[in-house]
Amino acid sequence: MRIRVAAAAELPLLQDIERAAGEAFRPLGMGEIADDEPLPLDVLESYRCAGRAWVAVDEGDRPVAYLLTDTVDGAAHIEQVSVHPDAARRGVGRALIEHLAAAAREQGLAALTLTTFDQVPWNAPYYARLGFRRLDEGDPALTEGLRAISQAEAAHGLAAWPRVCMRREVPAPV
């Protein structure tokens, strides 16, 4: 599995990947999530231009998954990670996250953070297996930036299902 920065011509494919991955929410009674439109092309382009949109590609160099990242309060924040169902359960999402962890380490960032659905098996439980921990109210690692992201997500309607902020420390370079 090769990971690289997304190309401009691939951005519509990223939207397709997110739509396809979103369908897994429908059987859980989360049709609104499945129907939520992916980020617009101009937003994806801003991530791409900043070098913060990575794709995992198949043997034909076609994206099968992608990750978008921001820097929030000294941590590499996973804005979005989506894997096409045809490539699921093969370690593709894990590879993207490990790629981000290596980049964060090089940049001197202390951690990876994300917000996710608490009770969806391929969300919070999956990230916990990858070394992320839940950030409960009162945890000093629950920063103002993460709180702002959670509030924006709630305003977008995501709080209809339990959500959680999570963090994974990034070891300093040796």
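The values are calculated or read from the model by the stated rules, or taken from the named source; none is laboratory data. In this text, all values refer to a predicted model and were calculated from it rather than measured experimentally. Counting neighbours? That spans all protein chains shown, and the Cβs are built from the backbone with ideal geometry, glycine included. The protein model used for the area step is the full one, side chains on, heavy atoms only, and it has no ligands, DNA or RNA in it. Shrake-Rupley method; radii C 1.70, N 1.55, O 1.52, S 1.80 Å.
Quick one: which residue in 15, 80 is closer than 30 Å to residue 145 by Cβ and in a strand (DSSP E or B)? Steps first, please.
Numbers: 15 fails: in a strand (DSSP E or B).
Result of the check over 15, 80: 80.
When you check residue 112 against the structure, is it over 16 Å from residue 16 (Cβ atoms) and either in a helix (DSSP H, G or I) or open to solvent by less than 60 Å² (accessible area, probe 1.4 Å) (or both), yes or no? Taking the combined requirement at face value, the residue satisfies it. Among the residues in the range 37-51, are any modelled with pLDDT under 95 and either touching a Cys at 6+ places or on another chain (Cβ under 7 Å) or among the charged types (D, E, K, R) (or both)? Yes: the range 37-51 contains one or more residues that are modelled with pLDDT under 95 and either touching a Cys at 6+ places or on another chain (Cβ under 7 Å) or among the charged types (D, E, K, R) (or both). Tell me, yes or no, whether the range 94-105 has at least one residue that is surrounded by 14 or more Cβ atoms within 10 Å (Cβ to Cβ), modelled with pLDDT of 95 or more, of a type outside the set (A, V, I, L, M) and assigned to a loop (DSSP other than H, G, I, E, B). No - not one qualifying residue is present in the range 94-105. Output yes when any residue across the range 164-173 is outside any helix (DSSP H, G or I), open to solvent by 30 Å² or more (accessible area, probe 1.4 Å), more than 18 Å from residue 72 (Cα to Cα) and without any contact (Cβ under 8 Å) to a residue 60 or more places away in the chain, and no when none is. No. You will find that of 155, 141, the residue that is more than 17 Å from the chain's Cα centre (by Cα), surrounded by 13 or more Cβ atoms within 10 Å (Cβ to Cβ) and free of Cβ contacts under 8 Å to residues at least 40 places away in the same chain is 141 and no other. As a summary of the residue check, residue 90 satisfies the conditions (1) in a loop (DSSP other than H, G, I, E, B); (2) open to solvent by less than 10 Å² (accessible area, probe 1.4 Å) except for the one numbered (2).
The condition (being closer than 27 Å to residue 142 by Cβ, among the hydrophobic types (A, V, I, L, M, F, W, C) and open to solvent by 20 Å² or more (accessible area, probe 1.4 Å)) is satisfied by just one residue among 76, 20, 8, 50: 50. Looking at (1) polar (S, T, N, Q); (2) farther than 20 Å from residue 25 by Cα; (3) open to solvent by 60 Å² or more (accessible area, probe 1.4 Å), which is the only condition residue 119 fails? Result: residue 119 passes all but (2). Restricting attention to the range 21-50, the residues being small (Gly, Ala, Ser), within 16 Å of residue 120 (Cβ to Cβ) and assigned to a helix (DSSP H, G or I) number 5. The set of residues in the range 35-47 being of a type in the set (D, E, K, R) and surrounded by fewer than 14 Cβ atoms within 10 Å (Cβ to Cβ) consists of 35, 37, 42.
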